[in-house]
Amino acid sequence: MIKVAIVGCRGRMGQRITELVSQDSSLALYALIESPERQDVPESVFGVKILRDINAIKGADVLIDFTAPEATMRNLEVCLKYRVRMVIGTTGLTPDQSDKIVDAAKHLGIVFSSNMSVGVNVIFGLLRRMSEALQGYNISITETHHIHKKDAPSGTAKSMAEVISNSTQFRQVPIESVREGEVIGHHKVIFDSAVDTIELSHNAKTRDMFAQGAVVAAKFVAYKDNGLYNMQQVLGLV
């Protein structure tokens, strides 16, 4: 049985991941961690006490982290200390912070992805092929999320732009960010030419698509050697 620790367990994503892990017979809720600053925290969830000290992950197989960039960097150091593999879904990381994850993956198995949904990762593959086939088209991205999302553009939109840039002559793909209501996530890529317009879009209906992907990633990395893995690899799409 894989021992899973979850940091940020009372956040939007953390709560759903905790529930899914508790329902999976191949996984065990080993440790639940929440920030000392957070007030709305029960004593325990699913029979597991919620702790404030990240060092409680010692002995876990995998830590799932959907928090904030600074917190993820601190958690990364603790995972290195105790050799706990990681699933990182945190977005808004700086290039320097991303580089630290790359370096840490020399010593740990880490799944790091801007979006852990199966559907979105299929979209990444489609974008690669469309960008190669539709050379000469003007390409733009629009992403819409809830008003609570702190980073903009979204990590998913940045990944889409990177896929396009790697497949075309575009050095920088324009991204429009919209923050409204409680939108979970909507991404649209427009390929425009003088003769036609092609749109590729993805609309997230619930956060389960991300939470389910995180659980799949935890099962994947628990048995992997040191290295940096993405969801394309987790899902066998590459």
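Just so it is clear, none of the values below were taken in a lab; they were calculated from the coordinates. From a predicted model like this one, the values you see are computed outputs, not experimental measurements. Cβ atoms come from the backbone with ideal geometry, glycine included; neighbour counts cover every protein chain shown.
Filtered by the rule that a residue be closer than 27 Å to His145 by Cβ and touching a strand residue (DSSP E or B) at 6+ places or on another chain (Cβ under 8 Å), segment 23-44 gives Leu32, Ile33, Glu34, Val41.
Output the residues belonging to segment 110-144 that are basic (Lys, Arg) and either loosely packed, with under 14 Cβ neighbours inside 10 Å or touching a Lys or Arg at 6+ places or on another chain (Cβ under 6 Å) (or both). Passing the criteria: only Arg129. Of all the numbered requirements in (1) surrounded by fewer than 22 Cβ atoms within 10 Å (Cβ to Cβ); (2) within 20 Å of Lys224 (Cβ to Cβ); (3) touching a strand residue (DSSP E or B) at 6+ places or on another chain (Cβ under 8 Å), Thr90 misses one, and that requirement is (1).
Going through segment 1-28 one residue at a time, which ones are surrounded by fewer than 20 Cβ atoms within 10 Å (Cβ to Cβ) and not in a helix (DSSP H, G or I)? Result: Met1, Ile2, Lys3, Arg10, Gly11, Asp24, Ser25, Ser26, Ala28. If the condition is being touching a strand residue (DSSP E or B) at 6+ places or on another chain (Cβ under 8 Å), touching a residue at least 24 places away in the same chain (Cβ under 8 Å) and hydroxyl-bearing (Ser, Thr, Tyr), then segment 153-198 contributes Ser154, Thr156, Thr168, Ser177, Ser193. Looking only at residues in segment 145-193 that are hydroxyl-bearing (Ser, Thr, Tyr) and part of a loop (DSSP other than H, G, I, E, B), the one that is surrounded by the fewest Cβ atoms within 10 Å (Cβ to Cβ) is Ser193.
Of all residues in segment 54-86, those satisfying the criterion of being within 15 Å of Ala104 (Cβ to Cβ) and not in a helix (DSSP H, G or I) are Val62, Leu63, Asp65, Arg83, Val84, Arg85, Met86.
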